[in-house]
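S.K.: Below is one structure. I have some questions about it.
The values are calculated or read from the model by the stated rules, or taken from the named source; none is laboratory data. None of these values were measured; they are calculated from a predicted model. In this analysis, Cβ positions are derived from the backbone assuming ideal geometry, glycine residues included, and neighbour counts consider all displayed protein chains.
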Amino acid sequence: MILGVFIFVLAANLFHQNRLFAGPTTKTIGSIEALYPSKGRSNPQVAYCYWMGAAELHTIAPIEQDIFNELHIGQPLPVKFLPDSPTTNRIDLPRINAERQETAYWMTAISILFISAGAFTFRKARQDIKSGKTHRKPRHGDFVPDLANRKEVRARGWTSQDFSKILIDFRKIYDDYLDDEIAVKIDFLKEGALRITFPQDLPDKLFPFLINYAQYPKGFEPKADEPLVVGKATVSREIDGIPDSKLIGQEAIFYVPSDDMEYDIVYVQVGDKTFANSFASHKWKKVTDTRLPVGFANLSPIPQIAT
């Protein structure tokens, strides 16, 4: 029955999205940046960009296999987005829109079937709870995105297409935490650097891991010099290993230290303090040598502590 309720919620959300995009929207023509075939149980994915004025927005989304087979890199792609929320977008192909509507109807029917079939087992579940028995909890708690988050990643040495692929691979590694896509906005800074923000947020717990992975992504070679990735986020209880609760709520800079030979660590600057955040020990250790990488001062999102 729980599965039925879950499917019903998904169907309701799909109906809501359909109604949302049936209202006033802004249409534009985007371009396909990359295509990623299906692996295992996941759908193939398409990475595309579109423009809102001078801003270039990037999205990675799952797509049905038969439609995927008809696409190619560089292909123009109709996109519609909400005027008051430009990052809320969808591919505007009639065939996809029709499939979304049909999927919503089927999901509603299936959810009703599951809810009906689960009525009997619900009584037993109540008895188990009363008798002190418990059911296995989800591996990870529900993630509630903060749409006003100030997370930011700055990268040099990767193109926007590279970073979109890095995000897809990262999501696959941490699929227990993440949905089917990571919505990002990529802006171009001087000297080929990128500024990546997260309009739909990203779990705080994963942010240090993203900084490390983007520095050492699998299957990539930098296009120019050694890549440099620096991130900014607010310290929260969700991040492993915080040594002092007084750090919670403060803005911090995350980076991979120079001459790194561990490959599973990031350094964290909070005010005038620097910590080594080891993924192996799940602890932050205060350090005196900040080991700032070359170019850090020019890339840091918080210049005043980039020394």
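S.K.: Tell me, yes or no, whether region 244-257 has at least one residue that is touching a residue at least 24 places away in the same chain (Cβ under 8 Å) and assigned to a loop (DSSP other than H, G, I, E, B).
M.R.: Checked region 244-257: at least one residue is touching a residue at least 24 places away in the same chain (Cβ under 8 Å) and assigned to a loop (DSSP other than H, G, I, E, B).
S.K.: Another one. How many residues does region 254-305 hold that are over 23 Å from residue 234 (Cβ atoms) and among the β-branched types (Val, Ile, Thr)?
M.R.: Final tally of qualifying residues: 2.
S.K.: Restricting attention to region 165-220, which residues are in contact with a strand residue (DSSP E or B) (Cβ under 8 Å, 6 or more places away or on another chain), of a type in the set (Asp, Glu) and at pLDDT 90 or above?
M.R.: Within region 165-220, 187, 204 qualify.
S.K.: Residues in region 282-301 that are over 25 Å from the mean Cα position of the chain (by Cα) and not in a strand (DSSP E or B): how many?
M.R.: Summing the residues that are over 25 Å from the mean Cα position of the chain (by Cα) and not in a strand (DSSP E or B) in region 282-301 gives 10.
S.K.: Looking at region 204-226, which of the residues that are within 26 Å of residue 55 (Cα to Cα) and surrounded by 20 or more Cβ atoms within 10 Å (Cβ to Cβ) is farthest from the chain's Cα centre (by Cα)?
M.R.: Checked region 204-226; the qualifying residue farthest from the chain's Cα centre (by Cα) is 215.
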